[in-house]
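Student: Structure provided below as structure tokens; questions to follow.
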Amino acid sequence: MTPRRAHILLAILATVAALEWISAASAYRSTLSQAAWDRAAAAIDPLTEPVLLGTPWLDPLARQHIPAFTRDAALVPDLHGVPRFHVLGHAGSPHAGAWSSELTEDQGELPPPILTASEHLGPLVLHHYEQPAAGALVTDLLAAPLQLRDDRGVCRLSSGTWTCKLGTAQVRPLEVGYRPRRCLAIHLADSATLEISHPSLLLGTVLRGHLGFADFNSRLRNDAPAQLELHIDDTLVGRWTLTDNQGWAAFAARTTPGTHAVRVRLTPLLAGTWTPEGYTDHPARLACLELRALTEAAP
């Protein structure tokens with residue numbers, strides 16, 4: 001695809017998305033008063049489990065009016081390890097916003113969850129779910145004290161950012177596949193490898209993670225794959241080659257419960273973008289990585 005055609009396609013997609021959002025917002029704007037948002041916020045604030053959206057076009061409004069949607073806890077990587085959760089929807093949307101295609105994506109191979117109750121909050125509805133097959137979260141690698149190094153040595157951690165000879169890494173939200181994701185945001189030089197390790201991580205029965213690439217414009221100009229390796233106690237337990245065409249690409253490896261050394265090696269083959277003048281390493285495409293240890297029932 002030529003740069004001109006890519007720009008035209010991007011403009012068309014942006015226009016269609018804007019028209020759909022404006023149409024939906026216009027249809028329901030009279031019902032979504034400040035009082036309605038205040039009522040929803042009061043119902044959601046005491047909840048300790050993740051609150052998700054079953055009506056996607058509510059997202060920017062929910063982030064504006066309900067503090068829970070601006071917290072990192074709202075950015076669950078998927079529904080594994082989430083035995084209870086809540087879904088906010090608009091009463092006028094299909095099935096009162098009890099579910100969405102985005103939630104189906106997060107559900108993956110899990111069976112449908114159990115709807116236990118629904119609270120009608122004027123124009124909004126808060127649905128409560130249980131997922132007995134979700135398993136339990138043991139360790140979130142993003143919350144663990146990690147050790148990072150690249151091909152030229154150990155990375156230095158300062159103010160939440162690892163600075164390496166060949167790149168940087170920082171835990172923060174990024175856009176992947178048009179959705180916000182909390183992850184280790186990684187910028188590396190072409191074909192450089194970042195090694196992420198922990199010498200004694202508590203594991204359950206499975207390690208589950210995702211890898212994606214941030215920023216639509218960067219993805220549009222770079223579809224080079226990344227190579228990902230997972231080692232436990234110096235044994236290779238998984239190797240994957242993932243591309244941005246896979247979106248928020250999931251990977252998993254079975255593990256033995258207990259304390260183990262975990263090491264992840266990530267090699268994005270090309271980090272830059274193609275422009276009319278050719279390839280350049282700026283602006284860089286960011287890799288977005290997350291990894292969790294879970295305890296799940298045997299398959």
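Student: Specify which residue in the list L228, P50, G153 is farthest towards the positive end of the charge dipole of the chain, using unit charges on the beta carbon of Lys, Arg (+1) and Asp, Glu (-1), about the Cα centre.
Tutor: Positive-most Cα among the choices belongs to G153.
Student: Extension gain E229-F216, at 0.36 nm per residue separation less the Cα-Cα distance, in nm?
Tutor: Numbers: separation 13, 0.36 × 13 = 4.68 nm, distance 2.53 nm.
Fully extending the segment from E229 to F216 adds 2.1 nm.
Student: Taking the Cα centre of each part, how many Å lie between the range 30-52 and the range 85-109?
Tutor: Using only Cα atoms to place each centre, the spacing works out to 16 Å.
Student: Now for a different question. Would you be so kind as to identify which of T275, G238, H198 lies farthest towards the positive end of the dipole of the range 137-295, taking Lys and Arg as +1 and Asp and Glu as -1 on Cβ and the Cα centre as origin?
Tutor: Sorting the options by dipole projection puts first H198.
Student: Using a 10 angstrom Cβ neighbour count of at most 11 plus a DSSP loop assignment to flag exposed GluC sites (Glu not before Pro), which longest range of the chain is free of such sites?
Tutor: Numbers: sites that count: E109, E277.
Longest site-free region, per DSSP loop and neighbour criteria: 110-276.
Student: Ok, one more. For Cα pairs less than 8 Å apart in space and 6+ apart in sequence, what is the mean separation divided by the residue count of the range 31-134, i.e. the relative contact order in percent?
Tutor: Details: 176 pairs, mean separation 31.9, N = 104.
31 percent.
Student: State the label only: which of (i) 50; (ii) 54; (iii) 67 corresponds to percent of Cα pairs over 25 Å apart computed from the shown model?
Tutor: Working out percent of Cα pairs over 25 Å apart from the coordinates points to (ii).
Student: Summing +1 for each Lys or Arg and -1 for each Asp or Glu, what net charge is found among the other residues whose Cβ lies under 13 Å from the Cβ of W162? Each step should come with its number before you reach the end.
Tutor: Numbers: positive: R149, R156, K165, R172; negative: D150, E195.
Residues close to W162 contribute a combined charge of +2.
Student: Mean separation of Cα pairs under 8 Å and 6+ residues apart, divided by the residue count of the chain: what relative contact order is that in percent? Working shown, then result.
Tutor: Working: 639 pairs, mean separation 49.7, N = 299.
It comes to 17 percent, rounded to a whole number.
Student: May I ask for the net charge around V138, where only other residues with Cβ less than 12 Å from the Cβ of V138 are counted and Lys, Arg are +1 while Asp, Glu are -1? Working shown, then result.
Tutor: Numbers: positive: R208, R292; negative: D140, E296.
Computed value for this residue: 0.
Student: Can you give the net charge of the other residues whose Cβ lies under 14 Å from the Cβ of R285, counting K and R as +1 and D and E as -1?
Tutor: Values: positive: R219, R221; negative: E175, D190, D215, D223, D244, D281.
Charge balance in the 14 Å sphere: -4.
Student: In degrees from 0 to 90, rounded to the nearest 10, what is the angle of the helix 3-28 Cα long axis to the longest principal axis of the chain?
Tutor: 30
Student: Loop by DSSP (not H, G, I, E, B), at most 14 other beta-carbon atoms within 10 Å: where is the longest site-free stretch of the chain for trypsin sites (Lys or Arg not before Pro)?
Tutor: On the way: sites that count: R29, R71, R152, K165.
The reported range is 166-299.
Student: Evaluate the charge dipole of the chain about its Cα centre and quote only its size in Debye, nearest 20, assuming +1 on the Cβ of each Lys and Arg and -1 on the Cβ of each Asp and Glu. Walk me through the numbers on the way to the answer.
Tutor: On the way: 24 positive and 29 negative charges, 97 e Å.
About 460 debye.
Student: Report, to the nearest 10°, how far helix 34-44 tilts away from the longest principal axis of the Cα atoms in the chain, using its own Cα long axis and a range of 0 to 90°.
Tutor: Value to nearest ten degrees: 60.
Student: Could I have the simple spin-label model distance between A36 and A136, label points 7 Å from Cα toward Cβ, reported in nm to one decimal?
Tutor: 4.0
Student: If you average the alpha carbon positions of the range 241-286 and of the range 174-190, how far apart do those two centres end up, in angstrom?
Tutor: What the calculation gives is 9 Å, centre to centre.
Throughout, read-outs are computed from the coordinates displayed, never taken from laboratory work. None of these values were measured; they are calculated from a predicted model. With ideal geometry, Cβ positions are generated from the backbone for all residues, glycine too; neighbour counts draw on all protein chains shown.
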